[in-house]
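The values are calculated or read from the model by the stated rules, or taken from the named source; none is laboratory data. Predicted, not measured: the structure shown is a model, and the values here were computed from it. Cβ atoms come from the backbone with ideal geometry, glycine included; neighbour counts cover every protein chain shown. In case anyone asks, the SASA skips ligands and DNA or RNA and just uses the protein heavy atoms, side chains included. Shrake-Rupley method; radii C 1.70, N 1.55, O 1.52, S 1.80 Å.
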Amino acid sequence: KYAFGSKSGTIGTGLGGSASWTPSRDLGSQIPSSTSGVGTLTLETYSGSTRIGTSTKTFTLWIAGDMYPTFTSLTLSGRNLHSDGSYIQSVSSVTATITGATGSYGSTITSYSISGHGLNVNSSSGTSSVFTNVGNETYTATITDSRGRSTTKTASIYIVRYQKPSVAITNMYRCDKNGNPQNEGTYVRVIADYSTASLSTLSRTYTIKHQKTTEIATWTIVVNKASLSYASGTIGYTIPNISVINAHNISITVEDNYGSATATNRVGVASCLMNIEKDGVGIGKFYTQGTLDVGGE
């Protein structure tokens, strides 16, 4: 007979001088927090139906080498993914989750850990910070049971490079309606270079607006979110209705699905040799204030 923890049973009867016994793996449930335990083996001898002797010895039972905790998977679920399902640098993050964790023959799960780029938690689930790098990233999940045995799984993702839009005004001048330079023009030609990420299905637009420098609370939008066909290039636009007697701030904004960039420049009062008004005289510029309004440095 055997006894181990709260379990006992008969190995066999009428065995003669020897017997062999393979302990059931279910006996592991009697030592959920250890890799070994002590039980007893009892030999009873009979003469007919009469028990005439008993001998008991102890034995040590070890948990099998393959009796480890298990879990179904490490699941990676993206947050703020691109429209094609890609992970995007500076935009996306990931939630990692351990699913289906279970102990082995009586053991219980005592700890979880998940680690990887932007993520280091001691729990069955966690969300990374927004990605700062590009390329392959591997996340590692580990569970440990009450016997101190651990099981590990990994899962990987690929992060696509993303750069925020940039824009710079490279030239701006007063002109006629056709964009030809003109000192006294009531149009302004603005030229800007821009660059955006080269992601597929990325939406790219630009907006142009202006304001009088004396009325900075008010903007007039002349182009509102017009589409850009290429990831980078040059924008050229002729803005109408720019008064010759006012300086204007000109602003151009380039944006995509995830970010934007703005460049602003100033076009001054229109230049001329002399402008005489009832309240004063402008020299080298149209008169705007004071008695003698002189342009230049």
inquiry  = Condition (residue is closer than 30 Å to Lys164 by Cβ, open to solvent by 50 Å² or more (accessible area, probe 1.4 Å) and modelled with pLDDT under 95) applied to segment 81-89: is it met by at least one residue?
reply    = yes
request  = Look at Val167 and say whether it is open to solvent by less than 40 Å² (accessible area, probe 1.4 Å), in contact with a Phe, Trp or Tyr (Cβ under 6 Å, 6 or more places away or on another chain) and either closer than 30 Å to Trp21 by Cβ or at pLDDT 95 or above (or both).
outcome  = yes
key: Residues satisfying the stated conditions in segment 81-120, i.e. assigned to a strand (DSSP E or B) and more than 30 Å from Ala197 (Cβ to Cβ)   = Ile98, Thr99, Thr102, Ile109, Thr110, Ser111, Tyr112, Ser113
task = Looking only at segment 175-193, decide whether some residue is out of contact with any Leu (no Cβ under 9 Å at 6 or more places or on another chain), hydroxyl-bearing (Ser, Thr, Tyr) and within 30 Å of Ala247 (Cβ to Cβ).
result = yes
request  = Give the residues of segment 56-80 that are surrounded by fewer than 19 Cβ atoms within 10 Å (Cβ to Cβ) and of a type in the set (Phe, Trp, Tyr), sorted by residue number.
outcome  = Phe59, Trp62, Tyr68
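Condition check ((1) surrounded by fewer than 17 Cβ atoms within 10 Å (Cβ to Cβ); (2) under 28 Å from Ser29 (Cα atoms); (3) at pLDDT 95 or above; (4) out of contact with any Cys (no Cβ under 9 Å at 6 or more places or on another chain)) across all residues:
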| residue | (1), (2), (3), (4) |
| --- | --- |
| Val94 | no, no, yes, yes |
| Gly100 | yes, yes, yes, yes |
| Ser104 | no, yes, yes, yes |
| Ser111 | yes, yes, yes, yes |
| Gly116 | no, no, yes, yes |
| Leu119 | no, no, yes, yes |
| Thr140 | yes, no, yes, yes |
| Ser146 | no, yes, yes, yes |
remark   = If we keep only residues of segment 170-205 that are outside any strand (DSSP E or B) and basic (Lys, Arg), then the residue surrounded by the most Cβ atoms within 10 Å (Cβ to Cβ) is Arg204
query = In segment 246-256, is there at least one residue being out of contact with any Leu (no Cβ under 8 Å at 6 or more places or on another chain) and open to solvent by 70 Å² or more (accessible area, probe 1.4 Å)?
reply = no
